[in-house]
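J.: Handing you a structure now.
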Amino acid sequence: MSVKGFDKKQVPIAIGSIVVVVAIMICILIFGKTTTIPTPSATTGNEESTTKQDQTTTTTTTEYTRATTEAQEFKNTGSIIVQGTRAMEIFGKNEPGLQRYAGYINTFAEKVPKVTVYMLLAPTSIEFYGPEEYHTDKRSQKIAMEVAYDAITAKNVKPVNVYKEIERYVDEEYLYFRTDHHWTARGAYHAYVAFSKVAGFKAIPLEGRKTGTFDTFVGTLYAWSGASILKENPDYLEYFFPKTETTAYRYPNGFARDEEAIPMQVINENPPSGKYTCFIEGDNPVTKIVTKANTGRKIVLIKESYGNSFAPYLCDHYDEVWVIDPRKVNQGQNDIDLPTFVITHDITDVLFLNYMFATTTPQYIDPFLKLLGN
């Protein structure tokens, strides 16, 4: 008996087709509709090639970076995590140290009761980009900041909590370097916005400022870790000029005598050493910036290098901006006593700006205490 239209030679072909179809259906059930997995190189561009025209549209790059950080493997080098193309310092909360730091500022503020004193703590990149275990519980910088701010008791001390302001933009803008431990000029800008709200003036937007970029920048975290992937994927560095005209001087010996003043630039487009020194020409003992802001206010900024990219923004709101780095003064000659300095120079505001690691590090705190007269 035969069936019309059926050819026995077609049986192997038919069976083979059925096997292929079944195999495809099994693959779909197991693996889903696609097995193509995007890689970092396919998703984000190389920041080194970023130009001035597209610096304000880095949303795609930063969103990808943060979204994938939790999933990426990381290497712990002891004090630094290297994860993908980003390196981050490992933070650990020192509650007694944070309370002592706030206490030092309380004591100083009581010596200058007519001066408004601000305390601003700067979070670092690991708080926003690191694996969860490195920014929660005892490693949470947010909690650590609250410990320090809660310890403020002097009536003339105002805390400046920049955390929320920075967190709002951390997925949208280029706020922290990947190869360096500092925030970028944009990160410093959002801290300045938070400060302006507490200090009682309106922050001036970045738009409309004179600006520039160094296309290739490799910073401290590469130097400390030696991770070749950081050098192969450099950062870029932006800078923004004050809107107000300025005249600036640095005092290499720490004591602000006119005969020792050396002219300098608030933003130096030909930095004296590394590219980060484009901001107030790096870590000098004492810097004096005279402006045409005509506000009747004078400020002293006490800082380590995190304050360098922040200082230029102050120029639009103060007639004088003094910058003092505790690590560079009081080296046995031309000592500075900060309460006396503030009174002598008719200072109206004092801002203590430190990144989280400096608050409990002896290399910073010891000269910090000497400057405060403690």
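The values are calculated or read from the model by the stated rules, or taken from the named source; none is laboratory data. Just so we're clear, the structure is a prediction, and the values are computed from it rather than from any experiment. Backbone-built Cβ (ideal geometry, glycine too); neighbour counts: all protein chains shown. Heads up: the accessible areas ignore ligands, DNA and RNA and are worked out on the full protein's heavy atoms, side chains in. Shrake-Rupley method; radii C 1.70, N 1.55, O 1.52, S 1.80 Å.
J.: For the range 304-312, in order, what is each residue's ³J(HN,Hα) by Karplus, 6.51 cos²θ - 1.76 cosθ + 1.60 with θ = phi - 60°, in whole Hz (x at glycine and Pro)?
T.: Karplus-based 3J(HN,Hα) across the range 304-312 equals 10, 5, 4, x, 5, 6, 8, 3, x Hz.
J.: Using every alpha carbon pair in the range 263-332, what percent of pairs falls into each 10 Å bin from 0 up to the bin containing the largest distance?
T.: 22, 52, 24, 2
J.: Under the Karplus relation 6.51 cos²θ - 1.76 cosθ + 1.60, θ = phi - 60°, what is the ordered set of whole-Hz ³J(HN,Hα) values for the range 213-219, x standing for Gly and Pro?
T.: 9, 9, 5, 10, 9, 10, x
J.: State the percentage of accessible surface on the range 80-137 attributable to carbon and sulfur atoms; use a 1.4 Å probe and exclude ligands, DNA and RNA.
T.: On the way: 830 of 1930 Å².
Accessible surface attributable to carbon and sulfur in the range 80-137 totals 43 percent.
J.: Quick one: if the Förster radius is 25 Å, what FRET efficiency do I90 and S273 give, using the C-beta to C-beta distance and rounding to 0.05?
T.: Details: r = 27 Å, r/R0 = 1.09.
Between I90 and S273 the formula returns 0.40.
J.: Determine, for the range 270-374, the count of lysine pairs separated by eight or more sequence positions (or lying on different chains) whose alpha-carbon distance falls under 26 Å.
T.: Close lysine pairs under the 26 Å cut-off: 13.
J.: Determine how many Å³ per residue the convex hull of the Cα atoms of the range 209-292 encloses.
T.: Working: hull volume 7.9 nm³, N = 84.
So the per-residue Cα hull volume is 94 Å³.
J.: Where in the range 108-197 are there GluC sites (Glu not before Pro) that are in a DSSP coil and have at most 15 other Cβ atoms within 10 angstrom of their Cβ? Walk me through the intermediate numbers first.
T.: Working: sites: E110, E127, E132, E133, E146, E165, E167, E172, E173; in loops: E172, E173.
Within the range 108-197, the qualifying GluC sites (Glu not before Pro) (loop, at most 15 other Cβ atoms within 10 Å) are E172.
J.: Would you pull out the residues with amide H under 5 Å of V300's amide H, same chain only if 5 or more places away, H placed 1.01 Å from N?
T.: The list, which skips near neighbours in sequence, is W322, D349, V350, L351.
J.: Now for a different question. Along the charge dipole of the range 112-194, Cβ charges K/R +1 and D/E -1, which of G187, V115, V157 sits furthest on the positive end?
T.: Highest projection toward the positive end goes to V115.
J.: Using θ = phi - 60° and the Karplus relation 6.51 cos²θ - 1.76 cosθ + 1.60, list the HN-Hα couplings for the range 165-177 in order, rounded to whole Hz, with x at every Gly or Pro.
T.: These are the phi-based 3J(HN,Hα) values: 4, 6, 4, 4, 10, 5, 8, 10, 10, 8, 9, 9, 5 Hz.
J.: I need the shape label for the range 185-343. Rule: rounded when a/c is under 1.5, else prolate if a/b > b/c, else oblate, with a, b, c from the alpha carbon gyration tensor. Display every interim value, and only then the final one.
T.: On the way: a/c = 1.86, a/b = 1.23, b/c = 1.51.
Because a/c hits 1.5 or more and a/b fails to exceed b/c, the range 185-343 counts as oblate.
J.: Quantify how much of the Cα-Cα distance distribution of the range 144-228 extends past 21 Å, in percent.
T.: Tail fraction, whole percent: 47.
J.: Roughly what would the spin-label model give for Y169 and K197, points 7 Å off Cα along C-beta, in nm?
T.: Label at Y169, label at K197, 1.3 nm between them.
J.: D366 to K243: extension gain in nm, 0.36 nm per residue of separation minus the Cα-Cα distance? Can you show the working numbers first?
T.: On the way: separation 123, 0.36 × 123 = 44.28 nm, distance 3.60 nm.
So the chain would gain 40.7 nm between D366 and K243.
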